[in-house]
Amino acid sequence: MSATRRPPLRVAVLVSGSGSNLQAIIDASRSGTLDARVVGVISDRPGVLALDRARQAGIPGITVDYRACGDREAFGARLQGELQRLDPQLVVLAGFMRILPAAVVDSHRDRMLNVHPSLLPLYPGLDTYRRALEAGDAWHGTTVHFVIPELDAGPAILQYRVRIRPGETEDSLRQRVQRGEHRIYPQAIQWLAEGRVVCRDGVVWRDGQRASGPEIIDETG
Ligand code: GRF
C-alpha cells in the first residue's frame, strides 16, 4: 500500500478473451501491491473466460456485444455509456481486440492504457510472435503504453524484453512474454495510481522528469 493512503484507483478493464492480464491486475490489487480497484469489466463478446474471472472476483462483468451493435459507431456509443456509468479514473485494455472509435479514446485521453505483445514501435497489429521469429529478431517482448486513436502507437511506459532462444516457437515465446505482461501491467498501473507516471500532450513524465523512452525490464533466469 502507498504511504499516502489515497483511495484505490478506480479501473475499468476492457477484454475480449482469456483475461490472464485482468487476473494479474485483480490479484495484484488484492495482494496490496496495486492500489487499484477494478470497478467493472467490459467485454466486446459474450461468454469469454475474462467475464468468468470477473464474476469469480465479484466484479461486475458487462457485455457490449460488437456483433449485436451493428457498426463501430453504435458499439462506441454503447461502450461509452457503460464507461460513464462505471466512472473509472483509468481504462485498461487487456486483450481487447477491437479498434476503438476515436471519440472513445479521446474522452479518456491520457487515462487509457494498453498492453501490446511487441517491443513497440516494432510490430503493431496482429501476429507479433510470428513476425518477430520470421524476421530472425534477437529480442521480443511486450509494451504497456497510453492509447491514442492510432493503433498500438501511443507513448510507451514500460517494456518487458525476452531474448529469443534457438528453437523458439510462437507458443514458447508467447508464454514467456505473457509472464512478463502479468508483471509489468500491474506495475505500470501502480505507477499511475501513485502519480509517479503521467501523460501530458503525448509525452510520458516519470517521477517529474520527461521520459526519453519506456522503462525496460529484461527477463531473468
Ligand atoms: C495479451 O498477450 C496482450 O498482449 C494482447 O492480447 C493478449 C491477451 O491475453 N493484447 P489475456 O486475455 O490477458 O490473457
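The values are calculated or read from the model by the stated rules, or taken from the named source; none is laboratory data. These numbers were taken from a predicted model, which means no experiment stands behind them. All Cβ positions, even for glycine, are placed from backbone atoms using ideal geometry, and neighbour counts span all protein chains on display. Keep in mind that these areas ignore ligands, DNA and RNA; they rest on the heavy atoms of the full protein, side chains included. Shrake-Rupley method; radii C 1.70, N 1.55, O 1.52, S 1.80 Å.
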(request) Mind jotting down the distance between the C-alpha centroids of the range 86-153 and the range 7-44, whole Å? (result) 17 Å
(request) Count neighbours as other Cβ atoms within 10 Å of each site's Cβ, and list the trypsin sites (Lys or Arg not before Pro) in the range 1-72 that are DSSP loop with at most 13 such neighbours. (result) ARG5
(message) Run the Debye formula on the Cα coordinates of the range 8-108, all scatterers equal and no solvent, and tell me log10 I(q)/I(0) at q = 0.21, 0.25 1/Å.
(response) -1.05, -1.43
(message) Can you tell me, using C-alpha contacts under 8 Å and at least 6 residues apart, the relative contact order of the chain as a whole percent?
(response) 18 percent
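Could you give the alpha-carbon Rg of the range 121-187 over 2.2 N^0.38 Å, rounded to two decimals? Before the final figure, lay out each step's value.
Numbers: Rg = 12.0 Å, N = 67, 2.2 N^0.38 = 10.9 Å.
Cα Rg divided by the expected 2.2 N^0.38 Å: 1.11.
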(message) Over the range 8-108, what is the relative contact order in percent, taking alpha-carbon pairs closer than 8 angstrom and at least six residues apart?
(response) 37 percent
(message) Mean-square fluctuation check for the chain, GNM, Cα pairs under 10 Å: which of LEU133, LEU14, LEU83 is largest?
(response) LEU133
(message) Which one, VAL91, PHE75, VAL48, projects farthest toward the positive side of the charge dipole computed for the range 8-108 from Cβ point charges (K/R +1, D/E -1)?
(response) VAL48
(request) Working from the alpha-carbon coordinates of the chain, get Rg over Rh, Rh being the Kirkwood radius. (result) 0.95
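Charges at C-beta only: +1 for Lys and Arg, -1 for Asp and Glu. How large is the resulting dipole of the chain about its Cα centre, in Debye rounded to 20? Could you put the intermediate results ahead of the total?
Details: 28 positive and 26 negative charges, 114 e Å.
The calculated dipole for the chain is roughly 540 debye.
Helix-only mean residue ellipticity at 222 nm, the chain, DSSP H runs n ≥ 4 weighted -39,500 (n - 2.57), per residue, nearest 500. What is it?
Working: 7 runs with 75 residues, N = 221.
Computed mean residue ellipticity for the chain: -10000 deg cm²/dmol.
Quick one: ranking ASP110, ASP35 by accessible area, 1.4 Å probe, largest first, what do you get? Please list the in-between numbers first.
Numbers: ASP110 50, ASP35 15 Å².
Of ASP110, ASP35, the descending order of accessible area is ASP110, ASP35.
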